[in-house]
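What follows is a set of notes on a single structure, which appears directly below.
The values are calculated or read from the model by the stated rules, or taken from the named source; none is laboratory data. A quick note: this is a predicted structure, and the numbers were derived from the prediction, not measured. Virtual Cβ from ideal backbone geometry, glycine too; neighbours counted across all protein chains shown. Note: accessible area is taken over every heavy atom of the protein model, side chains too, but ligands, DNA and RNA are not part of it. Shrake-Rupley method; radii C 1.70, N 1.55, O 1.52, S 1.80 Å.
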Amino acid sequence: MSSPTLSQKLTAEAIGTAILVFIGAGSVPLTGLLTGSNPGNSFGSAELSTISFAFAFAIFAAVYSVGHISGCHINPAVTVALFATRKIDAQTATSYIAAQLVGAFIGAALTLIILTGNNPAALGLGAVSVNPNAGIGVGIAAEIIGTAILVFTVFGAAVDGRAPAGFAGIIIGFIVYGIIILVGPITGAALNPARQIGPELLGGLIGAKTHLDQLIPVYIVGPIVGGLVGAFAYQFIGHHVTASVPGAAVPEAAHAEG
């Protein structure tokens with residue numbers, strides 16, 4: 001059977017990221033609409049759990065629907081980590097990140113469509129912000145820690161050929177659930193630059209409240225640094241069995257060695 005073409009992989013990355021942003025990030029304003037809460041850091045534990053499950057289910061769907069095509073990175077922090085550990089080349093990494101950003105805007109646009117008539121400017125499109133009691137420094141640290149755990153799990157569950165086949169989507173989805181429960185009250189637990197960029201920038205265009213001063217340090221640099229920490233931590237303990245397929249699907253690598 002022939003391998004997917006690059007255009008098929010990029011389309012899969014865009015669709016997978018759109019699913020993540022629409023279902024995951026989109027659950028933030030929709031939860032606010034249903035509960036009358038202010039979308040953001042004022043959610044209680046029940047609302048936070050609902051949003052966390054939305055992200056977990058979005059990851060389940062994305063991994064098992066497009067993982068065998070593109071690897072379902074759906075996160076620039078994951079793609080940068082795979083590039084830094086020489087699992088993919090620079091051209092593939094750049095193309096994947098561009099596709100992820102396109103998908104994030106599509107996902108945010110879908111959220112805007114379903115919120116039409118319910119004041120999407122007030123509800124927002126799912127962008128998050130740092131808890132004002134925490135501050136930027138703590139916010140950066142929280143995103144680094146959360147993304148490091150996520151990427152460490154991705155490498156262990158999906159990149160390392162020793163992992164049991166077929167469980168990566170479930171494991172990654174539920175670790176995201178757990179991370180959001182802990183990191184969500186501090187930063188909203190973006191853990192993914194694309195997931196924040198799409199809703200933040202499109203939200204700004206419709207008049208939603210933005211936090212552009214936080215975008216680069218907390219939601220771009222934080223997850224990328226965290227992803228590198230998680231990737232190299234896993235490389236240290238499991239470097240003798242790693243994926244080496246250029247362009248690579250995270251699950252593809254697992255199947256190739258499993």
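Fully extending the segment from LEU205 to ALA98, taken as 0.36 nm per residue of separation minus the present Cα-Cα distance, adds 36.5 nm. Taken over the C-alpha atoms, the chain has Rg and Dmax values of 17.1, 55 angstrom.
Accessible area per residue for the stretch 126-195 is 35 Å², calculated with a 1.4 Å probe on protein heavy atoms, without ligands, DNA or RNA. Fully extended, how many nm does the chain gain between ILE114 and THR50 (0.36 nm per residue separation, minus their Cα-Cα distance)? Fully extending the segment from ILE114 to THR50 adds 21.2 nm.
Every helix of 4 or more DSSP H residues in the chain counts as -39500 (n - 2.57), and over all residues that averages to -21000 deg cm²/dmol at 222 nm.
When you count the other C-beta atoms within 10 angstrom of each residue and take the mean per peptide, 104-112, 134-142, 22-30 line up highest first as 22-30, 104-112, 134-142. Normalised by the number of residues in the stretch 1-79, the mean separation of alpha-carbon contacts (under 8 Å, six or more apart) gives a relative contact order of 47 percent.
Were the residues from ILE170 through THR35 laid out at 0.36 nm apart, the gain over their Cα-Cα distance would be 45.8 nm. Projected label points at ILE216 and ILE181, each 7 Å from Cα along the beta carbon direction, are separated by 3.6 nanometres. In terms of the mean number of neighbouring beta-carbon atoms within 10 Å, the peptides 71-82, 91-102 order highest first as 71-82, 91-102. By the scheme Lys and Arg +1, Asp and Glu -1, what is the net charge of all other residues having a beta-carbon under 14 Å from that of ALA62? So the surrounding residues net to +1.
Considering only alpha-carbon pairs that sit under 8 angstrom and 6 or more positions apart, the relative contact order computed for the chain is 31 percent. Surface composition of the chain: carbon and sulfur atoms hold 70% of the protein heavy-atom accessible area at a 1.4 Å probe. Using the average count of surrounding beta-carbon atoms within 10 Å as a protection proxy, the listed peptides 206-214, 58-66 rank, highest first, as 58-66, 206-214. A Förster radius of 22 Å, combined with the Cβ-Cβ distance separating SER65 from LEU6, puts the computed FRET efficiency at roughly 0.75.
Accessible area per residue for the stretch 1-123 is 42 Å², calculated with a 1.4 Å probe on protein heavy atoms, without ligands, DNA or RNA.
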